[in-house]
1. Whole-Hz ³J(HN,Hα) for each residue in segment 5-20, computed from phi via Karplus 6.51 cos²θ - 1.76 cosθ + 1.60 with θ = phi - 60°, x for glycine and proline: what do you get?
2. First select every other residue whose beta carbon is under 14 angstrom from the beta carbon of residue 32; then total the charges, Lys and Arg +1, Asp and Glu -1.
3. Given the options 14, 43, 51, which has the most mean-square fluctuation in a GNM of the chain, springs set between C-alpha atoms less than 10 angstrom apart?
4. Within 10 Å of each residue's Cβ, count the other Cβ atoms and sort 60, 23 from fewest upward.
5. Using a Gaussian network model on the chain with a 10 Å cutoff between Cα atoms, which of 56, 66, 19 fluctuates the most?
6. Hey, any idea what Rg/Rh is for the chain, computing Rh the Kirkwood way over Cα pairs?
7. Just to be sure I follow the rule: in the chain, considering lysines 8 or more places apart or on different chains, how many pairs have Cα atoms under 20 Å apart?
8. Compute the length gained on full extension between residue 56 and residue 39: take 0.36 nm times their separation in residues and subtract their Cα-Cα distance, giving the result in nm to one decimal.
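Taken together, the values in this text are just the output of simple stated rules run on the coordinates, not laboratory data. Everything numeric in this text was worked out from a predicted model, so none of it was measured. When we count neighbours, we look across all protein chains shown, and the Cβ atoms used for this are built from the backbone with ideal geometry, even at glycine.
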Amino acid sequence: MSHSLVRRAGNAPVKVEVKEGEIYAWCACGRSASQPFCDGSHVGTGLDPLVFEAEKDDEIYLCTCKHTRTPPICDNSHCRLDDKT
Ligand code: FES
């Protein structure tokens, strides 16, 4: 994935409840208006959402800055971003 095409959608993770066995599509392009999930806005960018299945009922923190090295989970990379715009 070319990171130059990726937009930052936020500066902090979003806590979400996931259900075991459910499929989720995390926005990887940063264009979705339904952060942190995909709304189809990536179409035409060459980027795709990261689709994952929840392994258990859980509360997880999904990245919105799109700089995490462990997508879709926040790894606190947002804390190292200088430009908060
Ligand atoms: S919100 Fe992206 S690493 Fe935390």
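1. Computed from phi, the couplings for segment 5-20 are 8, 7, 9, 6, 9, x, 10, 7, x, 10, 7, 10, 8, 10, 10, 3 Hz.
2. Net of charged neighbours comes to +2.
3. 43
4. Working: 60 17, 23 9.
Ordered by Cβ neighbours within 10 Å, fewest first: 23, 60.
5. 56
6. 0.96
7. 5
8. 3.7 nm
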